[in-house]
1. Efficiency by 1/(1 + (r/R0)^6): what FRET value for Asp19 and Arg167, r their Cβ-Cβ distance, R0 = 35 Å, to the nearest 0.05?
2. Over the chain, what relative contact order in percent results from Cα pairs under 8 Å that are six or more residues apart?
3. Which residues make up the longest stretch of the chain that has no GluC sites (Glu not before Pro) in a DSSP loop with at most 12 other Cβ atoms within 10 Å?
4. Determine, for Ile130, Ile31, Ile144, the number of other Cβ atoms within 10 Å of each Cβ, and report the residues in order from fewest to most.
5. Would you list Trp72, Trp46 from fewest to most Cβ contacts within 10 Å?
6. Can you sort Leu7, Leu116, Leu177, Leu123 by how many other beta carbons sit within 10 Å, fewest first?
7. Quickly work out the Met67-to-Glu145 label distance, labels modelled 7 Å from Cα along the C-beta direction, and quote it in nm with one decimal.
8. Find out how many positive minus negative residues lie around Ser113, taking Lys and Arg as positive, Asp and Glu as negative, among other residues whose Cβ is under 10 Å from that of Ser113.
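Every read-out reported here was derived from the displayed coordinates using simple, explicitly stated rules and does not represent laboratory data. If you're wondering where the values come from, they're calculated on a predicted model, not measured in any experiment. Backbone-built Cβ (ideal geometry, glycine too); neighbour counts: all protein chains shown.
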Amino acid sequence: MKDFLELAGQRQSSRGFTDKPVEHEKLVKCIEAARLAPSGCNAQPWSFVVVEKPDLVAEVAKATQQMGMNGWSSTAKAFVVVLEEHAVLMPAIRKLIESQYFAKADLGGAYLSICLEAASQGLGSCIIGIFDREHLAKTLDIPIEKTFAVVIALGYPDEEKIRQKVRKPLEEIARFL
């Protein structure tokens, strides 16, 4: 089992994938990791559309290639479309806060869990925030009224070299009291 910090250090956004298909079982594990992610009041305000059929993968790739960006997404072998669902809170809490208060953070935890589980299985991933939601809705038979959070590209990375992470120093972002 990998040390968590080692896994976090090895996880990177992959922008190119080999021709090797992603095994269905690995995709299931990625979604299981997301399902187990923490969420405010255990509301779990998410659902996932896992796209692994080659013809649909090609259509999702087209939907992510907006404004001349993400041309590499055509090499992805699978995608996970993350949808924000309505958070159902306990009545006592619902009186105090709006039900979607925690949803954005919850979703972030869910898609980070997908990416970390993918990395633990030797897969690459990249979170894509720019996409044609109308094309996705039509292609994947998702109601257009849904809130599309992100699309995550998955596959075996075509480059195994781990890039040096450029991050702010710990002293700049944290205070220990």
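1. 0.60
2. Working: 284 pairs, mean separation 61.1, N = 177.
Averaging sequence separation for qualifying contacts and normalising by length gives 35 percent for the chain.
3. Between the exposed loop sites, the longest stretch runs 1-97.
4. Fewest-to-most ranking of Ile130, Ile31, Ile144: Ile144, Ile130, Ile31.
5. On the way: Trp72 17, Trp46 21.
Going from least to most buried by this count: Trp72, Trp46.
6. Leu177, Leu7, Leu116, Leu123
7. Distance between label points: 2.9 nm.
8. Once positives and negatives cancel, what remains is -1.
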